[in-house]
Structure formats: C-alpha cells, structure tokens
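J.: Below is one structure. I have some questions about it.
The values are calculated or read from the model by the stated rules, or taken from the named source; none is laboratory data. Since we're looking at a predicted model, the values are computed, not measured. Every residue, glycine as well, gets a Cβ built from its backbone with ideal geometry; the counts of neighbours run over all protein chains shown.
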Amino acid sequence: MTRLNSLQALAALTVATASIATVFAPPQLAADQQKPADQTLTRRSDVRALPGQLDDVLMVNDNNPELITGEGILVSTFPQAPGLNIALNGRFDLFSHHVYAGQPDQLDSTLWLAVVAQPAGDAPVTLRLLGGSTSLSQATVKGQTASPFLPLPTLMAESGTAVASGPGSKVAGDLLRGDIANELQQEWLIAPGNVSPLVVLPIPVAGLDPLLNGRNLQLRLQSSGPVHIATLAAYGNGDKVPDPERWIRLLNQGRQSPKEHQPTPRGARGRMVYSRVSGVQIGSTWRATLTDPGSSHLNIEDAPVSWPISSLERGELQTGQIQTAELKAFDAGTAWAAHGNYGVEYDLTLPLRNQGSQQRTLAITLDSPDKNSSGNGQLVFNGSDSGPVMFRGPIEVSGLDAQGGRPSGRRRFHLVLRRGQEGPQLGQITLAPGETRSVRVRLVYPADATPPQVLSLRPVKQSTEAPVDRP
C-alpha cells in the first residue's frame with residue numbers, strides 16, 4: 001500500500017468513525033423523536049462560567065503529530081535540542097495519542113512507541129504509577145488491550161462491564177474506574193546518567209484493512225526526584241521490540257518525527273487552526289464546587305442552568321471563560337495551548353438545595369450545543385442526530401435518585417454525542433422542600449472529542465400528585 005493510499009484510508013476511517021454510531025434515543029426522550037429532523041432547537045438556560053480552575057500539575061502532552069509518518073522524537077523535556085529543558089518532579093502526568101497507517105508497500109509493519117526517562121541529577125529516581133492505562137484501536141494479537149470504534153447508542157449505563165468505543169474512550173473509563181492496563185508496570189527505579197525505557201508499546205497494522213491503528217496512553221506519575229521524559233517512535237522488525245540502545249540513539253540524534261497542522265498564531269483573525277499539542281501543559285485536573293454566587297449551595301429553582309466543559313478560544317459560549325490549559329513550553333509549529341484539554345479530569349460537586357415549598361425534580365445531562373450560537377441565556381441544538389461525533393466517552397455521576405428515594409452511589413455511563421445534540425438524561429434528582437443533596441460528576445475529557453460540551457441541570461415536569469414525605 002502506498003503512503004497516499006494509507007492517508008486516504010486514514011481519511012476514510014476518520015469520516016467513518018465520526019458517523020459510525022447509530023444513535024438510539026432512550027425512553028425519556030421519546031417526545032423529542034416527534035420533532036422534525038434538522039430543526040434548530042433553542043433551549044433557555046443560564047449559561048455560567050465553570051467555577052474553579054485547573055490545578056498546577058504538569059502534563060507532558062504528546063499529540064503532534066497525530067498521524068506518525070517517520071521515526072524520531074515526538075516530545076522531549078530533555079535539555080538537549082529539540083528538548084524543552086523541563087525537569088519534572090513530584091506529581092506529573094503524561095498524555096499520548098497517535099495513529100499509524102503503515103509504511104509504503106508493507107502490509108505487516110509495526111511502529112513502536114516508547115516513553116523514556118533519565119534523572120536530572122546524580123541520584124537515582126523512583127517513579128510510581130498512581131493511575132493510568134493504554135489501549136489500541138484494534139488488537140492484532142492475543143493479549144493486547146484494545147477498543148475498536150463500535151457503533152454504540154447515545155447512552156449506555158455500565159452495569160459491571162466497562163463500555164467503550166475507541167482507545168480514548170477506553171482509557172478515560174479506566175482512569176475513572178481505577179483500572180490499569182496489563183501492559184503497564186507500577187514502579188520504575190531509574191539510575192542516574194542512564195536513559196531508561198519506562199514503556200515500550202506497539203502500534204501494529206498487520207492484518208488490518210485499512211492499514212490503520214491508533215494508541216492512547218495516559219500515565220499519572222509520582223517521582224521521588226527530578227527527571228526528564230521523552231516519547232519516541234521507531235519502526236520495528238515485525239513484533240520484535242527495539243532494544244534500549246535504539247531509543248538512546250534516536251534521542252541523541254535529535255531528529256523529530258515530522259509534525260503536522262501549523263497553528264493559527266495567537267490573536268490572529270480569520271479561520272482558526274488549533275493544531276495539536278507537543279509540549280508540557282500546566283494542569284491535569286479541574287476540581288470545583290458549583291454553587292450560586294455568594295452561596296454554599298445551588299438553588300435548584302435556578303434551573304435550567306449549564307456550565308461549559310472544555311471551553312476554548314472561539315468556543316467559550318459567551319461566558320468569557322477559556323478553560324484551555326496553558327503550555328509551559330511547546331515545540332515550534334505546534335499548538336500554543338492545549339485547546340481540547342484531552343486527558344484532563346473534571347471533578348465537579350453540585351451541592352443542591354430546594355428552597356421552594358414544593359417537591360422538585362431535576363435531570364442532569366451532558367450536551368453538545370452549537371458553540372457558535374449558544375450563550376447569552378440560551379443553548380442552540382440542531383435537532384438532528386446525524387452529524388459528526390463530538391463526544392465519545394464515559395461520565396460518572398453520584399447522588400442520583402435511586403430506589404426508595406435514597407441517593408445512589410457512583411453510576412457510570414457511556415455517551416456518544418453528535419454535533420448540536422441534546423444529551424439524554426443521566427438521571428434525576430428529586431428534593432423535598434428544604435432538602436439538600438450533593439451530586440458529584442466526574443469525567444476525563446477523552447481523546448477524539450471536539451469541545452465544548454455543557455453540563456446541564458434541567459427541570460423535569462412535575463407530577464400533579466402530592467409530594468411524598470421522606471423519613
């Protein structure tokens with residue numbers, strides 16, 4: 001297969017995976033099925049900036065190039081060029097996401113991805129894996145962790161079995177559950193003066209049609225001392241793992257794997273090319289409590305109310321808030337900010353209070369509105385479920401209504417949201433007059449999502465029956 005054909009295959013699969021899922025509306029949205037197709041829908045909502053902010057944990061963000069077309073350094077924090085000369089110490093993360101489309105005239109090639117590290121000082125360093133996972137798009141041999149792009153419905157509730165579609169979705173779910181892929185070890189002791197491989201993983205294409213595979217890797221690490229980190233790509237001899245000296249030579253040669261997608265300069269007008277990240281970003285978790293201004297609670301009578309998730313330049317829904325992680329340093333010709341916040345965990349607490357005199361019920365949703373028309377008291381949807389996928393991944397919610405009127409524990413759902421699509425109900429929260437309840441929402445923003453989305457609290461039409469007293 002020629003390089004042109006490989007790239008055409010990549011384009012074809014990109015289009016296919018954007019439209020592959022057949023979306024089924026859950027029962028609570030049956031009424032919406034009666035709406036004419038492709039009709040623009042406007043929903044009144046108070047769209048607020050999301051409270052809180054990103055933490056200051058550094059994340060090595062390795063996503064440019066997405067399609068790897070040559071060997072070399074992907075991103076490096078080593079001091080020698082083209083490294084960014086950043087020593088990572090204590091808590092830091094790594095996010096890596098790449099696609100490989102084979103080599104010209106080869107049907108069984110494998111690209112190998114390595115994460116290497118070296119102490120920045122003269123003392124040995126211990127690295128501990130606090131959490132992390134990795135997944136291919138497609139496995140080619142037994143034992144590889146993989147998650148194909150399955151045609152999933154809009155909403156699926158997890159009931160003991162993980163639900164995923166694509167490697168970004170799989171890894172995000174593993175992080176929420178605390179699962180670790182079999183390919184990862186839990187601790188490394190790195191000797192000073194040596195470049196040590198931490199993880200060496202294949203991206204194989206043998207037997208695939210088209211010749212195309214992808215890998216997502218996320219690591220949450222704790223270091224006992226300062227280290228330099230690099231990710232590298234090398235072609236292998238079939239399924240034979242490259243020897244450690246190969247990685248050292250690639251690093252010392254200083255040759256970068258070819259980059260892609262030159263970004264629009266910051267502040268420039270006209271069409272925006274966000275590009276992809278090859279650098280070190282500031283922030284890996286957004287933790288916040290969502291309350292009314294000046295209050296310790298959120299009055300549920302304020303609903304409908306929505307908050308952006310992963311708002312970005314030219315996509316802040318008129319809130320004035322850009323949640324994008326800034327980059328401490330980045331490679332030339334790559335994105336100057338982590339526009340998608342891929343791999344960032346959102347951990348949000350909603351302390352709800354019913355200050356009214358009647359029992360009230362709310363629904364909680366994650367929506368994917370039109371980013372250009374939404375804001376200023378409204379969210380705009382296209383009324384269609386046929387557009388490209390904008391969000392494909394898991395979300396965890398605690399505190400929903402459960403049997404007997406008690407709040408539930410953690411419940412996880414998998415969502416597939418298309419452009420301009422209202423999200424299905426993840427669940428309901430029913431509060432008697434004066435009652436309070438804390439609801440918690442967690443998600444790891446998955447690779448291949450297109451921001452922004454909104455987290456919404458929406459009133460549910462109240463029953464005419466008398467409210468039920470609670471013990």
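J.: Could you check region 135-166 and list, in sequence order, the residues that are in a strand (DSSP E or B), in contact with a Pro (Cβ under 8 Å, 6 or more places away or on another chain) and either among the β-branched types (Val, Ile, Thr) or farther than 25 Å from SER257 by Cβ (or both)?
T.: Hit for region 135-166 is LEU155, nothing else.
J.: Looking at the structure I just gave you, is ARG276 surrounded by 15 or more Cβ atoms within 10 Å (Cβ to Cβ), in a loop (DSSP other than H, G, I, E, B) and touching a Ser or Thr at 6+ places or on another chain (Cβ under 8 Å)?
T.: Criteria met by ARG276.
J.: Looking at VAL397, VAL380, which one is part of a strand (DSSP E or B) and either of a type in the set (Lys, Arg) or in contact with a Phe, Trp or Tyr (Cβ under 9 Å, 6 or more places away or on another chain) (or both)?
T.: Result: VAL397 is the single residue among VAL397, VAL380 that is part of a strand (DSSP E or B) and either of a type in the set (Lys, Arg) or in contact with a Phe, Trp or Tyr (Cβ under 9 Å, 6 or more places away or on another chain) (or both).
J.: Here is a further query. Can you tell me which residue in region 371-423 is surrounded by the fewest Cβ atoms within 10 Å (Cβ to Cβ), limited to those that are in contact with a Gly (Cβ under 9 Å, 6 or more places away or on another chain) and β-branched (Val, Ile, Thr)?
T.: VAL380
J.: Among the numbered conditions (1) touching a helix residue (DSSP H, G or I) at 6+ places or on another chain (Cβ under 9 Å); (2) farther than 18 Å from GLY83 by Cα, tell me where ALA230 comes up short.
T.: Of (1) touching a helix residue (DSSP H, G or I) at 6+ places or on another chain (Cβ under 9 Å); (2) farther than 18 Å from GLY83 by Cα, only one is false for ALA230: (2).
J.: Under 7 Å between Cβ atoms, at least 6 apart or on separate chains: pull out the pairs that start in region 154-183 with a residue that is under 14 Å from VAL416 (Cα atoms) and of a type in the set (A, V, I, L, M) and end on any residue that is surrounded by fewer than 19 Cβ atoms within 10 Å (Cβ to Cβ) and at pLDDT below 95.
T.: Final answer for the pair search is LEU155/PRO26.
J.: Another question about this same structure. Is it true that PRO304 is surrounded by 23 or more Cβ atoms within 10 Å (Cβ to Cβ) and not acidic (Asp, Glu)?
T.: no
J.: Continuing with this model, one more query. State yes or no: is VAL115 of a type in the set (A, V, I, L, M), at pLDDT 95 or above and out of contact with any His (no Cβ under 8 Å at 6 or more places or on another chain)?
T.: It is true that VAL115 is of a type in the set (A, V, I, L, M), at pLDDT 95 or above and out of contact with any His (no Cβ under 8 Å at 6 or more places or on another chain).
J.: Within the group GLY387, GLY377, GLY434, GLY399, which residue is in contact with an Asp or Glu (Cβ under 9 Å, 6 or more places away or on another chain) and either at pLDDT 95 or above or closer than 28 Å to GLU316 by Cα (or both)?
T.: GLY377
J.: Okay, moving on. Taking region 217-243 only, how many residues are part of a strand (DSSP E or B) and free of Cβ contacts under 8 Å to residues at least 24 places away in the same chain?
T.: Count: 2.
J.: Working only within region 244-281, note down all residues that are under 26 Å from GLU313 (Cα atoms), in contact (Cβ under 8 Å) with a residue 24 or more places away in the chain and β-branched (Val, Ile, Thr).
T.: Passing the criteria: VAL277, VAL280.
J.: Has region 120-130 got at least one residue that is surrounded by fewer than 20 Cβ atoms within 10 Å (Cβ to Cβ) and under 21 Å from the mean Cα position of the chain (by Cα)?
T.: yes
J.: Could you tell me how many of the residues in region 282-302 are in a loop (DSSP other than H, G, I, E, B), more than 23 Å from ALA447 (Cβ to Cβ) and in contact (Cβ under 8 Å) with a residue 24 or more places away in the chain?
T.: 4
J.: Please go through region 421-437 and pick out each residue that is in contact with a Ser or Thr (Cβ under 6 Å, 6 or more places away or on another chain) and in a strand (DSSP E or B).
T.: Of everything in region 421-437, those that are in contact with a Ser or Thr (Cβ under 6 Å, 6 or more places away or on another chain) and in a strand (DSSP E or B) turn out to be GLN421, GLN428, THR430.
J.: Further, regarding this structure: Residue pairs, Cβ under 6 Å, 6 or more apart or interchain, first in region 117-143 and free of Cβ contacts under 8 Å to residues at least 12 places away in the same chain, second surrounded by 15 or more Cβ atoms within 10 Å (Cβ to Cβ) and assigned to a strand (DSSP E or B). List them.
T.: Listed by first residue and then by second, the contacts come to ALA139/ALA146.
J.: Tell me which of these GLY214 doesn't satisfy, since it passes every other one: (1) closer than 15 Å to GLU71 by Cβ; (2) part of a strand (DSSP E or B).
T.: (1)
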